[in-house]
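I have placed the structure first, in the form of structure tokens, so that the comments after it can refer back to it.
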Amino acid sequence: MLRLQSASLDWALKHIEKYGDTDIFPVPFEFQAIREFWDSDIKPWIRSMNLLEWELRPYRRLLTPKNRYGFRISTQLDPIDSIIFTALVFEIGRDIEKYRIDKNEKIAFSYRFKPETDGRLYDPAFSWESFQQHSLELANSNEYEYVLLADIADFYPRIYSHPLEQALNSCTRKKNHVIALKRCFKQLNGSVSYGIPVGQSASRLIAELILNDIDQGLIAEEIKVCRYVDDFRIFTRTEREAIQSLGVLANLLFENQGLTLQQHKTKVLSVGDFKRIVLKTEEEKEIDSLEDRFTEILNSIDSDMYDDIDFDELEPEIQVEIDRLNLEEILKDNIEGDELDIPLVRFIIGRLAQINKLDSIDVLLMNIEKLYPVFKDVMKYFQTVNADSNTKRRVGGQLLRLINDSSIVGHLEFNRMWLLNSFTCDNQWDNEEKFITLYNNCHDEYSQRKLILALGRSHKDFWFKSKRRYITQFNPWVKRAFLAASSCLPGDQAEHWYKSIPNLDTLDRVICNWALQNKF
């Protein structure tokens, strides 16, 4: 039998509240209800579960943009399973960290387990920034003449189950935790023997187990390497040695894990070119254009990584330097260019939202199709800035037209989900007369869930009265939205209806109770 500890569950919920259940999907409203009824209902329910018999609740899997012409499949676990998964990894996190190459060896700089009481999971001292700094130290050491750059192709989705299970069994004595995690992965992957939940913060620590095996293999071959996630840098004295090291790395990846390298990202550079192109010297930084300087600062997101840069976690001097730049001008220049610099644009949009810069609203709206790969970030900007009601109404109308128009943005379920998310929190975006028509035209569960919440916020009680008989036909995600939004029914109609619904599980009942206390 395996039951999670109370403290682990408390920490897992706090982590999700601070960082989200994923960094891809909007955070489900269910977590608000879960927090309100955590001690009385949800935590005791989870603690009663034997995770050796863990059956995943219905999860969501969706095609999400990776770049303008590329996509990845991302997974959002049911809120209860997200808490369980995070707590499970938390309870074996110290074992995983101890099993990995010691962080003071300065080889693996990514996702070093060091949880804090506020919900932080990883050690902030080990980051892309520290990875860059160590790379510069090696490049300036005069010991090396060449640097091999290599990157794994489709890393997270291609992690094979068998070596991952072996690594989990090797790193911890908590065998029941391993059994529970294996059970989770098997249910997620079905007949396919690879992949872990993409987007979950805790998944990154699991993935590091796979890469630790590669790190150990390279060290055994006396290869000087440092790594951030799947981004390898190998320092050598000769070009021939770099090519030989590439063969070792490629063989370790394929033979041990069935992984391959991205051909277009694999290259051998002289140390001088490496410093100039990848790191850049201080002298060159001073003469860079604004965009080049900013790109250098934010050269911290690889196309295969899923985490955002957090402005508040950057060094104070870098924060000051960034805020001195004309971010809006950099954004416009990048949009006008031939190809969007996705990491740079994502960061700028996030920072403009953080400082409530309203001047960029029309720039983003006018260029919404070119901003397709960062549509989530554009929507988070609109949902964050404190615009007046007239502006929000105008923006809301233009956004909703993207769903009906032949827009390359509105055709993707992921984008529609983020677009409609704006209308689920308050009524400032107006355009309420369009929701029912949109619901009838958008048949995917992601859009319908958001539109149901929007209909509740706009108090379309007549619509809910006409749909109540279909409650048993909804999938769980849509059903929970309908339960919450039905609280807009006048008087005590919602309460009476909730009591008549059969077969509600614990989370459903909590949603009903929360909605009655926080009526739409």
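Structure summary
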item: Residue match in region 73-81 (condition: closer than 26 Å to Val248 by Cβ and open to solvent by 10 Å² or more (accessible area, probe 1.4 Å)); result: no
item: Residue check for Glu208: open to solvent by less than 10 Å² (accessible area, probe 1.4 Å) and either in a helix (DSSP H, G or I) or in contact with a Gly (Cβ under 7 Å, 6 or more places away or on another chain) (or both); result: yes
item: Criterion: among the basic types (Lys, Arg) and open to solvent by less than 10 Å² (accessible area, probe 1.4 Å) - qualifying residue of Arg480, Arg509, Arg457, Arg469; result: Arg480
item: Test: residue in region 73-94 that is farther than 25 Å from Leu164 by Cα and either hydroxyl-bearing (Ser, Thr, Tyr) or part of a loop (DSSP other than H, G, I, E, B) (or both); result: no
item: Enumeration of residues in region 227-268 that are modelled with pLDDT of 95 or more, of a type in the set (A, V, I, L, M, F, W, C) and assigned to a strand (DSSP E or B); result: Phe232, Ile234, Phe235, Val268
item: First in region 417-432 and under 13 Å from Ala485 (Cα atoms) and open to solvent by less than 40 Å² (accessible area, probe 1.4 Å), second anywhere and of a type in the set (Phe, Trp, Tyr) and assigned to a loop (DSSP other than H, G, I, E, B), Cβ under 9 Å, 6 or more apart; result: Phe423/Trp429; Thr424/Phe29
item: Per-region count, region 98-140, residues polar (S, T, N, Q) and either open to solvent by less than 40 Å² (accessible area, probe 1.4 Å) or on the phi > 0 side of the Ramachandran plot (or both); result: 5
item: Condition check for Glu313: over 22 Å from Phe71 (Cα atoms) and at pLDDT below 65; result: yes
item: Count of residues meeting criterion [modelled with pLDDT of 60 or more, open to solvent by less than 40 Å² (accessible area, probe 1.4 Å) and under 29 Å from the mean Cα position of the chain (by Cα)] in region 269-303; result: 2
item: Residue within region 19-38 that is among the charged types (D, E, K, R), loosely packed, with under 14 Cβ neighbours inside 10 Å and more than 22 Å from Asp154 (Cα to Cα) present; result: no
item: Boolean, Ser130 is assigned to a helix (DSSP H, G or I), out of contact with any Cys (no Cβ under 7 Å at 6 or more places or on another chain) and at pLDDT below 95; result: yes
item: Any pair with Cβ under 7 angstrom, 6 or more apart, that starts in region 358-378 at a residue that is within 18 Å of Leu62 (Cβ to Cβ) and ends at one that is open to solvent by 50 Å² or more (accessible area, probe 1.4 Å) and of a type in the set (S, T, N, Q); result: Pro373/Asn67
item: Residues within region 152-199 that are open to solvent by less than 50 Å² (accessible area, probe 1.4 Å) and among the basic types (Lys, Arg), tallied; result: 0
item: Enumeration of residues in region 335-372 that are open to solvent by less than 20 Å² (accessible area, probe 1.4 Å) and under 19 Å from the mean Cα position of the chain (by Cα); result: Leu344, Val345, Phe347, Ile348, Ile349, Ala353, Leu371, Tyr372
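The values are calculated or read from the model by the stated rules, or taken from the named source; none is laboratory data. Just so we're clear, the structure is a prediction, and the values are computed from it rather than from any experiment. For neighbour counting, all protein chains shown are included, and Cβ atoms are generated from backbone atoms with ideal geometry for every residue, glycine included. For accessibility, only protein heavy atoms count, side chains too; no ligands or nucleic acids. Shrake-Rupley method; radii C 1.70, N 1.55, O 1.52, S 1.80 Å.
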